[in-house]
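The values are calculated or read from the model by the stated rules, or taken from the named source; none is laboratory data. Note that the structure is a prediction, hence the values are computed from the model and not measured. Methodologically, a virtual Cβ is constructed for each residue, glycine included, from the backbone with ideal geometry; neighbour enumeration extends over all protein chains shown.
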Amino acid sequence: MNQEPTLTDRKSTCGMYVVGLIDLLNQGKQLDGWSSFPDTPSERAEFIEALKKTVGRVANIRKAFKGFVQNYPSKAERHPAHAHLTDAQRAEYRRLHDFELGCQNFSDTIVLYSPLAIPGGDTTVFGVWGMLLGTASVLMLALAAGVPLRGGIEVGMAIDHFPDEIYGPVLRRAYLLEQHVAQYPRVVVGKAAMDYLHACVEDAGETKADQFNRNMAQDCLSLIALDQDGAPFVDFLGDPVYQLYQDKEDYREQAEKGHEFAKREHERFVHAQNYKLALRYAWLRQYYESRIGRWIDSPAPSS
């Protein structure tokens, strides 16, 4: 599947990108806890606790995404399809995941991005797969630690004019998904991203690149589910993500911790009669309970 042409000058390249915008929730209220310098020992203790709940959480989530981005090339090599390739096919496989998966930060917002075009005029789906797998992994860990995240993933135009970041309309579209569609702690996938994956699956091209992208797009779609409101979202508790985890026991432990967090927050907001947030955490709790029942109290499958 040939990519739309990119426009390049001496300083920047404009083209199609996949972008994931992830926001840490509830940070505003926590920031109020250290809006002024503490004067007494009790205020100092509250100040330090507020720092941990804001700066500490942001630092940990940034570290988690950065670690995934740095290790993603090795994860791509561990994709199940890689083991069945010939030497010539592995060379083509490596060419197709010769792409950038970048990460930029602003306050409590993280932006992941990857160009769809690679040298030679082809397009690659590896960046989308990395985006989905990365958000699934970090969302799982964050919720287990009691840190709610919400985000949107979309495909669209951007330019790499500024060092280590991109700028363009796709960022706004991902932001709108996070703000107006995601609603509760989940990462939704936009229409353009879904259309792109379906186009790759349906592409009848016969080149090696076409075949790899077709298979990879199918893998990407397996990481996405339709939620009860019809929105596609990253299914971090789905079987494909579970199977990709090397440490199944750790995955099950993180899932159970996330489930306990969802139940705790749901019950807290019900008790406080905060019906808006109670409903949102009811959705999150329902999602956990629709998925993890088949793992809890049952042995993990052998690797």
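Could you look through the range 161-178, keep only residues that are assigned to a helix (DSSP H, G or I) and closer than 16 Å to F106 by Cα, and pick out the one that is farthest from the chain's Cα centre (by Cα)?
Only one residue tops the list, namely R172.
If G120 passes every condition in (1) surrounded by 14 or more Cβ atoms within 10 Å (Cβ to Cβ); (2) at pLDDT below 65 but one, which one does it miss?
All conditions pass for G120, except number (1).
Collect the residues in the range 170-200 that are closer than 10 Å to G156 by Cβ and either surrounded by fewer than 18 Cβ atoms within 10 Å (Cβ to Cβ) or small (G, A, S) (or both), keeping them in residue-number order.
R172, A174, G190, A192, A193
If the requirement is being over 22 Å from D229 (Cβ atoms), within 25 Å of the chain's Cα centre (by Cα) and either modelled with pLDDT of 95 or more or surrounded by fewer than 15 Cβ atoms within 10 Å (Cβ to Cβ) (or both), which of these qualifies: E265, E289, E260?
Result of the check over E265, E289, E260: E260.
Quick check: anything in the range 48-58 within 30 Å of A193 (Cα to Cα), at pLDDT 65 or above and not β-branched (V, I, T)?
Scanning the range 48-58 turns up at least one residue that is within 30 Å of A193 (Cα to Cα), at pLDDT 65 or above and not β-branched (V, I, T).
Which one of K191, K276, K208 is more than 20 Å from V138 (Cα to Cα) and within 17 Å of the chain's Cα centre (by Cα)?
K191
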